[in-house]
Structure formats: structure tokens, C-alpha cells
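Let me begin by presenting the structure, written as C-alpha cells, before commenting on it.
Values in this text are rule-based calculations from the coordinates and carry no lab data. All values derive from a computational prediction rather than experimental measurement. Cβ placement follows ideal geometry from the backbone for every residue including glycine, while neighbour counts extend to all protein chains displayed.
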């Protein structure tokens, strides 16, 4: 399905500008009072040009719920920081080489500094959420903190499941194993928490008190959209144009990442090809040969595994759109509300 | 100065039992609802027998301020978790081998899992602090969160300063450089935050509202006591009995850690010995030779550097005791208040 590119890009751009301005402010303040070199490193990932999807969803949900940008500015900025902290540590955990068009902090500064910068980025995010009490009041600020705690808990559990698979060489996994892991690792912090936090920040105080039950349908919506997003991300890793995509193409194969495409290939191919693939996947990254990676990439394409992923991501996007159309009472009818719907196709049709 | 061993050990034991019971409860709950293998790993460090100094200070400060144990139980448990999260990451950053008598999580599970377990331990601590609203109310719970944010910010900055020295091979440092780093890295999370959080939790609501100004003297007290503690810790690393101490003796020399003893040695020894020491310190850990480490250890002893550290830590403890004697109005006269004073000598006279 096509999406309204003008609307989606306008809202993404506005959100990115809003968040970047806030982050510049707080980083400049901390740089003056703290250890400057650390704050320069904290700024590295957030100021590499990302999509800014998470803060855009949060700000749009706030405005769609009847709120104002300033009510969700700090929370959206904090979400962007949590995301970047997660990426810095994720790159360490996966031994990744590239992120947003240039080398990862792991490669440029090594494990010790990258671990500490990730921790420091989380602390900065927490600082913004505590400053939030002055803007949205004690009660809402605490509700936001609860969402963040849940989001972070799901993320580390999802990460733990994936690391467990790696440590134990598990490849005999089906889509439901994958979906459970990605629900925790991706969906909560990419879509579910941004949506819920936006609504918490934006609901006008005068109208009626927000009931936590009202936020439940956003879990299903965020799950479906988050899975669509993640599978598309993994497809782009195999199909994307490196210059546009920013990450290392086929990086997931070098890292042995369990994607729906890889799992599909392993369960549908011949036993000799499966054995060859598993031998490659279980080889440490540094000892893998580029020709074998190319072979696997092409074998997956021939087996229809990449098409399978593409189709599955679109199915999830379609189910998300259906769930979205049934949401009622939570949102007003405005551009930001339309962005939240259009974004469901954007996440599976985007070029990067 | 001797200290009241019976009192100090009783309060430490009680605090450890209180916190361990709380942690068992919450870990068991999360193990049922989440990914079990992760929660087993989160439990690893906290259930290795530590001193439990931080929760003991927090609980004692709460009771000394007129509060009850149950008001600080969650905060004290969260502090113990933050401490353990910090240790898991610190061991990754320093490449440490042993922690509390057995191998570090880095050695047993590798970098990726250790990084994630540290993150997960932080999230669990945050969960406890959010549960705290039901026990001590919104206002106090938020004050505690602010203290935790400050504590974590200081810790990552202190860590960043130390990692910066390592990355740049800096050894030309004086005691004031060391004190600034240790104030941030050790004092805030070992003494200052536990004291301040204990008082916040414990001050009876009926008496009078706690003014944040009242907490300021605890920064000086915690700074002096924290430095005394840290220097003593570093002395024990050079002098301790491995079986009692639990960490690798001379591990700091293997890691090239900047301690007041090492800095004293480098600035007071002959230029040829300084050159030999710097050559050793700048050698990657795996290439260091045990005989050279022994040479450095003995040269430091002969140069009076270890005695210098011992004396400096006792001077800080004495200054802490003086500051402690001038605190007024914050604490009642009870066993927990006495523990807070006795603890000032305990931190420099303890065997481990």
C-alpha cells in the first residue's frame, strides 16, 4: 500500500527538529557542568541522522489525543535517547561495524567506553523524564516513568532471548519464537511505548481522567506495527542500497541474526543446504568468508525466503491498519492522527 | 581508630537480610512472568555475599531520621541493585577476572550477556523505585528518583574520567585529579545517595517537611567517607588476603588502575623506576608478566606508597568523623545513628 509521503515526511521532520533542539539544549547544559568529553560522546548517535520514528509517534499521539507539542517534547526526547542508548549497547552485543552510515561506537572507541556511553545516555533520558514533572505534573510524569520501565524491561528480555539463542547456537526456531522475541525487543520501544506515552502526555486534563484500560488497544496496534517494521528492517538489510540504508548490507548474515527470512530458509531448504548454512552461521564472524555469505544471501532469495519476509511484513501492516481503524475515542481527527495511520504503511514501504 | 564491631556487623547483617528477602521476592515474581534465564543471571551478583554497605547506610539513615525499616526497604534494595548493575558493567569495562570470590560475569558469560544483564539489573532497580509510591507517597518517591538520577549521572561521569585516562595513557595525575574522579565514581553511590535517600524515606511526615537544604551536609560527609572507603579498597587490593578479600589481589596493577598509591609512587620514585613502571602499566593486560607486577608491588611498598594510601584513607575517615559530629537536627539518638558514626572507622579498618 502506498502512503502519504508528504504528510509522513513533514511530521517526521518536525518531530526530529523538535527533539534535536531539546537535546542540544540539555547536552550543552550538561557539557558545561559535567565532564565534557562524555557529553560529546553521548551526542554522537542521536545527531547521526536517524528516522526519528519513535519521537514522531510519541509527539503525534500526544497531538492526536488533543495535547500540545510542549507536553510531549521531553518524553519524546527521552525516548530518542533510550533508543540511542539501546543501539550503543546493541552494537556492542552484536559486534556491529556500521550504524547510520558510519562506524559504530564499539569500533571507534572500544567496548569499555561504548558500555559507559550507553549507560550515560540512559541517565540523561531519565533526567529529562524527571524534569517532566514541571511540564505535565506529578501524576502524568509518574505514569510516563512506569511506561518507560515496562518498555525497558521488555527490551532487555527480548535481548536476553536473542542472546540466549546465540550462546546456545539455536536455529531451530519458528515464527512464533521470533514474534515473541521481537514483540519484547522491538515493539515495546519502537511503537507501543511511544504511542501510550504520547496519549498520557496529551490527554487534556479538563476532558476526563485517562483510564489505563484505554491504553490497552495500543499494545495490539503497536505489536502489529512493530513486527511489520522489524521484518521490513531485516528485509532492507538483505536488499537495501548500502548508501541509502546506512548499515552494513547483509550485516545480519555476518552476525548470524535470526530473522523470519533465515528461519524460513532453514526450515524449507534441502538438508544439505541447511547443513551448509548452519556451518556458516555457527562460524565466528571474523572467520566467515564473504563468498559463503553471498551464497547464503542468494540461496535465500531463490528459496523465496526474502519474498516470504516481505509478504509477512505487509500482512502485519494490514492487520495493524485494521486494528487502527477500530480505535475509537482515543484520538481526534487531525493531521497527527492521520500520520499514525499512514505510518503503518510507511514502516513497510520505506527505502531505509 | 577501632570501631564497635558488634554493632556494625549486626546492622550490616540485618540490612543484608532485609534486602535479600525483598530481592528474592521480586526476582521470583519476575521469573514467573518473564524470561527465566535472564532473571537467574540478574540474581548472580546480588546473591554473592557482599558487604551490603550501601543498603545498610540507607536503612540506618532512614531509622536514624525517625523512620521505619519498611519505608526504606525498596529504596535500599534498589540501591543494592544499582550497585550490582554498576559492578557487572564495571567488570566488562575493566576486563576484570574475579568478583566476590568467583569469576566475573564477563568471564562466565562474555561481553554481550554481561552488558544486557547489567542493563536488566538497572531496570529492575527502577521497578522497585516506582513501586515505592505506594509505600512512601508520590512526593518522596520522586525525590528518591531524583537522587538516583544524580547518583547515576555522577557515576557515569566518574567512570568516563577514568576511561579517558586509560584511553589516553594518562598517569601524570595528582591526588586532586583522583579525588574528583572518585567523588563522582564512588562517593555518590556508595555513601552520599544512600544517606540522603534514607533521610528522605525516613523523615516522619508529621514532624516537618524535609527541606532539600538539610541534605547538603550529607554531601560533604559522604564525600569524606566515600574517599576513605575507596582508598582503603585500593589498599586491600594490594595488601589483602585473597581468600578474605574475594577479588584478585594486585588486580588493580594488572588493570593499570590509577590509585593514590600508584600516583604517589610515580611522582616520588626515580626516573628509571618510573619508566619501568610506565612501560609495564602501558602493556596490555594479557602481555603483562607476573614478575613485573610483583616488582611494582614491592617497589611501591618500599617507596612508602602503600603506607601513604593507608594514612590518607585514615585522614579522610577522621575528617568524616569531625563532619559527622557537627551534623545536628537530622538524626535521633539511636543504634542506627551510632552505626552511621561507627561505619566511618569501619570503612578504613575492615579486613575486606
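Highest mean packing comes first when the peptides A:268-280, A:299-311, B:308-320 are listed by Cβ atoms within 10 Å, giving B:308-320, A:299-311, A:268-280. Debye calculation, C-alpha points only, no solvent: report log10 I(q)/I(0) for segment B:118-174 at q = 0.16, 0.21, 0.23, 0.31 Å⁻¹, in the same order as the q values. Results for segment B:118-174 at q = 0.16, 0.21, 0.23, 0.31 Å⁻¹ read -0.63, -0.82, -0.91, -1.15. Peptide packing: for B:2-8, A:67-73, the average count of neighbouring Cβ atoms within 10 Å per residue gives the ranking A:67-73, B:2-8, highest mean first. Counting only the Cα atoms, segment B:43-150 fills a convex hull of 98 Å³ per residue. Computed over chain B with a Gaussian network model linking Cα atoms closer than 10 Å, the most mobile of B:128, B:138, B:236 is B:138. Neighbouring Cβ atoms from other chains, within 10 Å of the Cβ of residues in A:31-39, number 4 on average.
Computed from the C-beta positions of residue A:176 and residue A:325, the FRET efficiency with R₀ = 41 Å rounds to 0.95. Peptide A:89-96 shows a mean partner chain C-beta count of 3 within 10 Å per residue C-beta.
Take every pair of alpha-carbon atoms less than 8 Å apart whose residues are at least six positions apart; their mean separation over the length of segment B:1-148 yields a relative contact order of 23 percent.
Rounded to the nearest 10 degrees, what's the angle between the helix B:271-281 long axis and the longest principal axis of chain B, both from Cα atoms, 0 to 90? Value to nearest ten degrees: 60. Each peptide in A:290-297, B:158-165 gets a packing score, the mean of other Cβ atoms within 10 Å over its residues, and the list from highest to lowest is B:158-165, A:290-297.
P(r) tail for segment A:110-247: Cα pairs beyond 20 Å make up 59% of the total. Distance from the Cα centroid of segment A:26-43 to that of segment A:77-91 is 16 Å (rounded to whole angstrom). Applying 0.36 nm per residue to the separation of residue B:24 and residue B:138 and subtracting their alpha-carbon distance, the gain on full extension is 38.5 nm. Per-residue shielding of A:125-135, expressed as the average number of other chain Cβ atoms within 10 Å of the residue Cβ, stands at 3.
Rounded to the nearest whole angstrom, the semi-axes of the ellipsoid equivalent to segment B:153-229, taken from the Cα gyration tensor as √(5λ), stand at 32, 11, 8, largest first. For residue A:332 and residue A:294, the FRET efficiency from 1/(1 + (r/R0)^6), where r spans their Cβ atoms and R0 equals 35 Å, is about 0.10. Principal-axis analysis of the Cα atoms of chain B puts helix B:53-64 at an angle of about 30° to the longest axis.
For segment B:201-351, the relative contact order is 35 percent, taking Cα pairs closer than 8 Å that sit 6 or more residues apart in sequence and dividing their mean separation by the residue count. Calculated mean residue ellipticity, 222 nm, chain A: -24500 deg cm²/dmol, from DSSP H runs (n ≥ 4) at -39500 (n - 2.57) each, averaged per residue and rounded to 500. The relative contact order of chain B comes to 23 percent, based on Cα pairs under 8 Å that sit 6 or more residues apart. Between the Cα long axis of helix A:193-202 and the first principal axis of chain A there is an angle of about 10°, rounded to the nearest 10. In the protein assembly as shown the Cα-Cα distances spread across 20 Å bins starting at 0 as 17, 48, 29, 5 percent of all pairs.
Summary for residue B:239: label point 7 Å along Cα→Cβ; distances to the equivalent points in the other copies, ascending, 6.8 nm.
Restricting the calculation to Cα atoms, every distinct pair contributes to the Kirkwood radius of segment A:195-343, found to be 17.9 Å.
Sorted shortest first, the distances from the residue B:271 label point to those of the same residue in the other copies are 7.5 nm; each point sits 7 Å from Cα along Cα-to-Cβ. Enclosing the Cα atoms of chain A in their convex hull gives a volume equal to 125 cubic angstrom per residue.
Subtracting the Cα-Cα distance of residue B:315 and residue B:10 from 0.36 nm times their residue separation leaves 107.2 nm of extension gain.
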